[in-house]
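J.: I have a structure here, written as structure tokens, and I will follow up with some questions on it.
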Amino acid sequence: MPELFTERTVGQIQLPRNSNLVNYSVLNEFYSPNPYRSFSIKYVVEGRELYAVNGTKYEVKDREYLLANNLSEGFVEVDSKKAVTGICIDIAPSILSEVTATLLAPGVGMPDLSLATFFNTSSFLEQKYNARTTRLGQALLKLEGELTARQESGADFSKEFYYFLSEQLIADHQPIIKQLRDIKVVKAETRKALLRSVMKGKGYIDDNFTSPLTIEDIAREVALSEYHFLRLFKLVYQISPYQYIIQKRLQYAKILLNEERPPVSSVALLTGFSDVHSFSKAFKKYYGHSPSLLK
């Protein structure tokens, strides 16, 4: 039976393994070795939680979440003057395998569980995500409000709830599975480390695309050579990092022009272009018309 735990001293409770679970916590201090009991979603509503997964440390903050499966090893630590609110969701491996196999072979009445090898093996990519940018994250943002409202009275979650979360998780990971396979290295851990570096580089661009950026700067940020980062980024995302930066700037420019309607020259500078001429030329090439037509 799926359960909801609401606690301030979660360390006093021995939580079940390989089962469905929703754990809502409000904590100031906490430490637990190896908290990955099933397929684990570690979502932080407010504050900061520090996790280690297979030797890599992750600082998970407001509206971020970490994914790790039951083969992962590490710890979780909370040490804060202000209470940290988090939601931990465990999905039983059997549930995730069933949903994965069924979605991969939707015409099969009884799913072939051997198809679901990614999420419940060492091939899975343990990683931190921004909840605002993924399908699973959107579900967690909604769940956050529901749990906050229901924590005093308790709650029960049906299998349908875990099926739904599994569907969102799988949808988010379909491109990631392909990206991992596209990186041709022998060791799975090396493949995952390289993809994490490229994803970190993409995240760095997403956070700083309006600032002056060079590929050398981004590569240095993720501890790769410039050529190695450029090659891997293009392999994973089918676009060069330079083209991705321009794309992000132009998409943001269109939002500004549609919503705030500032002068085109101001938009050029706000979005990171050196001058209005280069901005207008790039905008017309990307959208097929001049930015002034949106004014």
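Computed from the coordinates by the stated procedures, all read-outs in this text should not be read as laboratory data. These numbers were taken from a predicted model, which means no experiment stands behind them. Using ideal geometry, Cβ is built from the backbone for each residue, glycine included, and neighbour counts are taken over all protein chains shown.
J.: Please name which of Tyr227, Ala253, Gly288 has its Cα lying farthest along the dipole of the chain towards the positive end, using unit charges on Cβ (Lys, Arg +1; Asp, Glu -1) and the Cα centre as origin.
T.: Gly288
J.: Oh, and also: Using Cα centres only, tell me the gap between the stretch 157-179 and the stretch 192-236 in whole Å.
T.: 27
J.: Quick check on the chain: what does the Kirkwood estimate of hydrodynamic radius come out to from the alpha carbon pairs, in Å?
T.: In the chain this quantity evaluates to 21.3 Å.
J.: Here's another thing I want to ask about it. Which whole-number percent gives the relative contact order of the chain, counting Cα pairs below 8 Å spaced six or more residues apart?
T.: Computed over the chain, the figure is 13 percent.
J.: If I model a spin label as a point 7 Å beyond the Cα along the Cα-Cβ vector, how far apart are those points for Arg196 and Thr210 in nm?
T.: With each label placed 7 Å out from Cα toward Cβ, I get 3.1 nm.
J.: Where does each of Glu216, Glu98 land when they are ranked from fewest to most other beta-carbon atoms within 10 angstrom?
T.: With the sparsest Cβ surroundings first, the list reads Glu216, Glu98.
J.: Another one. Can you list which of the chymotrypsin sites (Phe, Trp or Tyr not before Pro) found in the stretch 17-91 are DSSP loop residues with at most 11 other C-beta atoms within 10 Å?
T.: Listed in order of number, the matching sites amount to none.
J.: Moving on to the next point. How much FRET efficiency would the formula 1/(1 + (r/R0)^6) give for Ala105 and Gln138, where r is the Cβ-Cβ distance and R0 is 22 Å, rounded to 0.05?
T.: With R0 = 22 Å, the Cβ-Cβ based efficiency is 0.25.
J.: Rounded to the nearest 0.05, what FRET efficiency do Ile177 and Asn54 give with R0 = 22 Å and r taken as the Cβ-Cβ distance? Could you check?
T.: Calculated value: 0.75.
J.: For Glu189 paired with Arg220, estimate the spin-label separation in nm (one decimal), with each label point 7 Å from Cα along the Cα-to-Cβ line.
T.: Going from the Glu189 label point to the Arg220 one covers 3.0 nm.
J.: Pairs Lys42/Lys81; Lys159/Lys187; Lys178/Lys285: which are spaced more than 32 Å apart, C-alpha to C-alpha?
T.: Lys159/Lys187
J.: How much length is gained on full extension from Lys82 to Ser240, taking 0.36 nm per residue of separation minus their Cα-Cα distance?
T.: Fully extending the segment from Lys82 to Ser240 adds 52.7 nm.
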